[in-house]
Amino acid sequence: MKKLETLGEKERAIVEERRRRGYRVERLSRFGGELEPHLRALVARLVPGVPATIDLAAFVDTHAEHSLGRGDRAPGLPAIPELLREGLEALAGRGFAMLPDDQQDALIRRMRRGEADEELGLPAKEFVDRLLVKALAGYLAHPSTWKQIGFNGPAYPEGYAWISVGAT
């Protein structure tokens, strides 16, 4: 990866524009359509204060199938992509995105305590916990967040170096 200073004027302008604009997608692929506003609303309540340049809903949409661990789940629990879809469909049926913030927060609290399973017709605690993990992973993976916490980025930006005893 080239350092910004080594780029030509045109390349530097492109990089700066992308950095300024941030990462946003026009439309979500997996959880788009009627599910998108509910995903965006839920993510905004779960991880508040995220800058507009970080599109957590797009990260969740893109990484729904990627395991962030061992991939284990409770018996009878659907795979994560299906669980997320079922949960978002249940929230869409309740008009979650149109609810006032305090009602959204109350429903999220009930889901986190496992008290909304019958109301939503799914294991709500598992749903919201898995979605929260995906959203936090997206937030912490973003370079803007790295800058906020003082992390300079991955080591060896010029590529990995082979280091061993006697190497020259």
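The values are calculated or read from the model by the stated rules, or taken from the named source; none is laboratory data. Keep in mind that this is a model prediction, so the values were computed, not measured. With ideal geometry, Cβ positions are generated from the backbone for all residues, glycine too; neighbour counts draw on all protein chains shown.
Could we say that Leu28 is of a type in the set (A, V, I, L, M) and assigned to a helix (DSSP H, G or I) here? Taking the combined requirement at face value, the residue does not satisfy it. The C-beta contact set for region 144-155 (first residue under 16 Å from Pro51 (Cβ atoms) and assigned to a helix (DSSP H, G or I), second residue modelled with pLDDT of 80 or more and not hydroxyl-bearing (Ser, Thr, Tyr), distance under 8 angstrom, 6+ apart or interchain) comprises Ser144/Pro51; Ser144/Ile54; Thr145/Ile54.
Table: residues versus (1) closer than 26 Å to Pro51 by Cα; (2) in a helix (DSSP H, G or I); (3) of a type outside the set (Phe, Trp, Tyr).
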site	(1), (2), (3)
His66	yes, no, yes
Leu77	no, no, yes
Asp102	yes, yes, yes
Ile108	yes, yes, yes
Glu118	no, yes, yes
Leu122	no, no, yes
Val128	yes, yes, yes
Val133	yes, yes, yes
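Flag set for Pro75, criterion: exposed (fewer than 12 other Cβ atoms within 10 Å of the Cβ), modelled with pLDDT under 90 and over 15 Å from Val128 (Cβ atoms).
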